[in-house]
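Below is one structure; the comments refer to it alone.
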Amino acid sequence: MTPAFHWKLAPHETARSRNAGPVSSAREDEHSIRILAISGSLRQASTNSALVNVAAALPLASVEIVVYAGLAALPPFNPDNDGDSTPEAVRRFRQHLFACDAVLIASPEYAHGVPGALKNALDWVVGSGELIDKPVALISASARARYAWAALVEILTTMSARVIGEASIAISLHGRKLDAVDMAGDLALRTALTGALEALARAVRPTSFL
């Protein structure tokens, strides 16, 4: 069995509003809730990438999950290259974020911090605002990735995203090296992921999965 637990948000770790209004594509009259799933790891055999792929394959009614595969293509963040000369990969990333109703991020922890590629991606949308008021779930394939999780909460909260505590979980694999096929066959893991996604969907549309 693969146990999972919810990360706990500290009282001060709530979304801070900006003067600008939320940039969101969520529409109550649409049937499907669109979730963009992002793995913070570039490793081909990443367990967090496997988690994202398993989550995307779960049969959830009224939920559409798209896996973002362009993290490695994003250039290093440089404010001088934003604006008229914004790189095409960055434009596409921002379009994906704008088009979704919520975001699922699965991230490992490197040296007690957020992986550089993931932090770089987030840096590109600090000023453009696609994550403002956007519900975000944080999941991890390691219960020990507490520093990266806390850093992501701080980063996303500063960006005015809404980190959903009920939808944010760590899944302990007990040192097992599982690929997406193995994970898909783990009932406890699928149940934990399903619960997290349903909580994320409720953050978008409160009447979902009641």
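Being surrounded by fewer than 20 Cβ atoms within 10 Å (Cβ to Cβ) and under 18 Å from Thr157 (Cβ atoms) is the filter here; which residues of the stretch 112-127 pass it? Before the answer, list the steps.
First pass over the stretch 112-127, keeping only residues surrounded by fewer than 20 Cβ atoms within 10 Å (Cβ to Cβ): 112-113, 116-117, 119-120, 123, 126-127.
Matches in the stretch 112-127: Gly113, Lys119, Asp123, Val126, Gly127.
Looking at the structure I just gave you, is Arg202 under 19 Å from the mean Cα position of the chain (by Cα) and either surrounded by 20 or more Cβ atoms within 10 Å (Cβ to Cβ) or at pLDDT 95 or above (or both)? First the steps, then the outcome.
Values: under 19 Å from the mean Cα position of the chain (by Cα): yes; either surrounded by 20 or more Cβ atoms within 10 Å (Cβ to Cβ) or at pLDDT 95 or above (or both): yes.
So Arg202 passes the test.
How many residues are out of contact with any strand residue (DSSP E or B) (no Cβ under 9 Å at 6 or more places or on another chain), closer than 24 Å to Ala55 by Cα, of a type outside the set (D, E, K, R) and in contact (Cβ under 8 Å) with a residue 24 or more places away in the chain when one looks only at the stretch 82-112? Write out each step before concluding.
Keep residues of the stretch 82-112 that are out of contact with any strand residue (DSSP E or B) (no Cβ under 9 Å at 6 or more places or on another chain), which gives 82-92, 94-95, 98, 110-112.
Subset that is closer than 24 Å to Ala55 by Cα: 92, 94-95, 98, 110.
Then keep just the ones that are of a type outside the set (D, E, K, R); that gives 95, 98, 110.
With in contact (Cβ under 8 Å) with a residue 24 or more places away in the chain added as a condition, the list becomes 98, 110.
Going through the stretch 82-112 one residue at a time, the tally reaches 2.
Name the pairs whose Cβ atoms lie under 6 Å apart, with the first residue in the stretch 188-205 and within 15 Å of Asp101 (Cβ to Cβ), the second outside any helix (DSSP H, G or I) and of a type in the set (Phe, Trp, Tyr), and 6 or more positions between them or separate chains?
Close Cβ pairs (under 6 Å, with a partner that is outside any helix (DSSP H, G or I) and of a type in the set (Phe, Trp, Tyr)) amount to Glu198/Phe209; Ala201/Phe209; Arg202/Phe209.
Just to be sure I understand, how many residues within the stretch 142-197 are outside any helix (DSSP H, G or I), modelled with pLDDT under 95 and among the hydroxyl-bearing types (Ser, Thr, Tyr)?
Of all residues in the stretch 142-197, those outside any helix (DSSP H, G or I) come to 142-145, 159-164, 168-179, 185-186.
When the remaining residues are screened for being modelled with pLDDT under 95, the result is 142-145, 169-179, 185-186.
Cutting the leftovers down to among the hydroxyl-bearing types (Ser, Thr, Tyr) gives us 142, 172.
Number satisfying all stated conditions: 2.
Just to be sure I understand the filter: pairs with C-beta atoms under 7 Å, separated by 6 or more residues or on different chains, first member in the stretch 52-76 and in contact (Cβ under 8 Å) with a residue 60 or more places away in the chain and surrounded by fewer than 19 Cβ atoms within 10 Å (Cβ to Cβ), second member assigned to a loop (DSSP other than H, G, I, E, B) and not hydrophobic (A, V, I, L, M, F, W, C). Which pairs pass?
Ser62/His31; Ser62/Ser32; Ser62/Ser208
The values are calculated or read from the model by the stated rules, or taken from the named source; none is laboratory data. Treat the numbers as computed from the prediction; the structure is a model and nothing was measured. Note that each Cβ is placed from the backbone with ideal geometry, even for glycine, and that neighbours are counted across all protein chains shown.
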